[in-house]
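Right, one structure below, let's go through it.
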Amino acid sequence: MTPPSTLRRGHTHVARGASAIAILALAVTAAAAIPAQAAGSTLQDAANDRGRYFGTAIAGSRLNDSVYSTIANREFDMITAENEMKMDATEPNQNQFNYSQGDRIVNWARQNGKQVRGHALAWYSQQPGWMQRMEGPSLRQAMLNHVTQVATYYKGKIYAWDVVNEAFADGSSGGRRDSNLERTGSDWIEAAFRAARAADPGAKLCYNDYNTDDWSHAKTQGVYRMVRDFKQRGVPIDCVGLQSHFNPQSPVPANYQTTIESFAALGVDVQITELDIEGSGQQQAENFRKVTQACLNVSRCTGITVWGVRDPDSWRASGTPLLFDGNGNKKAAYTAVLDTLNSGPGTDPSTPPVTTPPVTTPPVTTPPVTTPPVTTPPVTTPPVTSPPPSGANCSAALTIANSWPGGYQGTVTVTAGSSGLNGWRVTLPGGVSTNNVWNGQISGSVVTNAPYNGSVGAGQSTTFGFIGQGNAPSGATLTCS
């Protein structure tokens, strides 16, 4: 927002008597009536007044919901596609790229004067089926080609990319997650960042992960060591994304601001990228306030993105973790965030403002004192796969990729028989409840192909994914036609 114009002091003649007193009183009253800066009435306006953005994750399928799109347009100035720009959506078949769903998000954002965070170029999860079956040098080349092609296509339209997502393991090791990408060589993350920089030199390049909010945790320290190494060796990295998924079992840590400060001191921006906090009422509001204040207190914390618009839109809707309820009403958490943004940095006496310019000597890291709780999804669990029925020209297999209290992520692999497919439909098992599907279109319990993945060659496969509510099905059978 533009600050109101200020009073200018000019040359005046000396006034006498009551006229002079009246003029002086009028001037004092007018000056007092004009604030130094008007309070922002929306999240984006209030954050912009503090030199930051406030964003949300958008699902393209919900943009036709007028309540949803109205809130998103009014309140947020940074947009992240929930699933439409991930690897399985943008390259469903090798070297056959499809940007239609991602373009819908990007075009809506740009038409409404917003910026876009790109999510995500390289990830162990939500890989297309053809990539899941690859290993070694061929996978490395395919990954780098994907990074290059997608970043080049969106060149000039993306504020920041999550170049690599969730590459570190949970637990006490502080090491990398075992994945097909990691097995191509431990320099794969560096290679992905260099490819992204070459493809789009103007975008900020971020590493993004969850359970990295507590400074004492081994996973946080592992990411910190990687970023420090990258900065020392000139690997192009501009920012670190803290997903910051919180719940009563994994609350906002007391040292959250220390984590932000420590990464910022390496000379990178910090972005809170996927914020949601389960709970309700004033307790939830206080947790949102803590996160917002911590970001305001560190100059290189450049913005906050909440992962969804309304509670029912969340991937963990049962925890009511967002700022708007199912009817689109502002919650107490919304008011807490807006008031904190409007009060400006440094108003919380327990967390004074801190400016963290880049330094050449990084702070001494503290070894983790406890094994970090792994309560924030996604949690890697052994896949549960339902075998496809035999003898059909179309088969479908369900794998539970991740699960957490109250929900899970399912991946369905659709495989063509001997004659190939020109369109497919899969009936989900009874008891599956979802309204969040990608790479497919859902009606009731039936998912049909998206416009770009209906053609499947003989013996080939494609995938779609969904977020389910409740407990993950075990041994479920899917039908495909």
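Within the stretch 236-249, one or more residues are at pLDDT below 95 and open to solvent by 20 Å² or more (accessible area, probe 1.4 Å). Of the helices (runs of 4 or more DSSP H) that lie entirely inside the stretch 56-116, those containing 3 or more residues that are open to solvent by 10 Å² or more (accessible area, probe 1.4 Å) and closer than 22 Å to TRP315 by Cβ span 66-75, 100-111.
Residue-level check: of (1) in contact with a Cys (Cβ under 7 Å, 6 or more places away or on another chain); (2) within 26 Å of LYS331 (Cα to Cα), ILE260 misses just (2). Kindly evaluate GLY40 against the criterion of being at pLDDT 50 or above and under 27 Å from GLN409 (Cβ atoms). Criteria not met by GLY40. Looking across ALA294, ALA254, one residue alone is in a helix (DSSP H, G or I), among the hydrophobic types (A, V, I, L, M, F, W, C) and modelled with pLDDT of 95 or more. It is ALA294. Against the condition modelled with pLDDT of 85 or more and farther than 26 Å from ASN98 by Cα, how does LEU398 come out, does it pass? So LEU398 does not fit the description; no.
Looking at ALA169, ALA195, ALA191, just one residue is open to solvent by 10 Å² or more (accessible area, probe 1.4 Å), touching a Ser or Thr at 6+ places or on another chain (Cβ under 7 Å) and at pLDDT 95 or above, and that residue is ALA195.
A residue that is open to solvent by 10 Å² or more (accessible area, probe 1.4 Å), acidic (Asp, Glu) and closer than 21 Å to THR463 by Cα occurs somewhere in the stretch 123-137. Taking the criterion of being open to solvent by 30 Å² or more (accessible area, probe 1.4 Å) and in contact with a helix residue (DSSP H, G or I) (Cβ under 8 Å, 6 or more places away or on another chain), the residues of the stretch 138-148 that qualify are ARG140, LEU144, THR148. For the stretch 125-166, the tally of residues that are among the hydroxyl-bearing types (Ser, Thr, Tyr), touching a strand residue (DSSP E or B) at 6+ places or on another chain (Cβ under 8 Å) and either at pLDDT below 95 or under 23 Å from VAL227 (Cβ atoms) (or both) stands at 2.
Selection within the stretch 308-329: residues that are open to solvent by less than 50 Å² (accessible area, probe 1.4 Å) and not in a loop (DSSP other than H, G, I, E, B). The member of this set that is farthest from GLN282 (Cα to Cα) is ASP313.
Listed by first and then second residue, the pairs linking a residue in the stretch 238-250 that is under 13 Å from VAL291 (Cα atoms) and outside any strand (DSSP E or B) to a residue that is modelled with pLDDT under 95 and not basic (Lys, Arg), with Cβ atoms under 8 Å apart and 6 or more places separating them unless they lie on different chains, are GLN243/THR376. Total residues in the stretch 421-439 satisfying the condition of being more than 17 Å from ASN471 (Cβ to Cβ) and at pLDDT 85 or above: the figure is 7. Do we have PHE230 as buried (at least 21 other Cβ atoms within 10 Å of the Cβ), more than 14 Å from the chain's Cα centre (by Cα) and in a helix (DSSP H, G or I) here? So PHE230 does not fit the description; no.
The values are calculated or read from the model by the stated rules, or taken from the named source; none is laboratory data. For clarity, every value in this text was computed on a predicted model and none was experimentally measured. Here the Cβ is made from the backbone with ideal geometry for all residues, glycine too, and neighbour counts use every protein chain on show. With ligands, DNA and RNA removed, areas are computed over all heavy atoms of the protein, side chains included. Shrake-Rupley method; radii C 1.70, N 1.55, O 1.52, S 1.80 Å.
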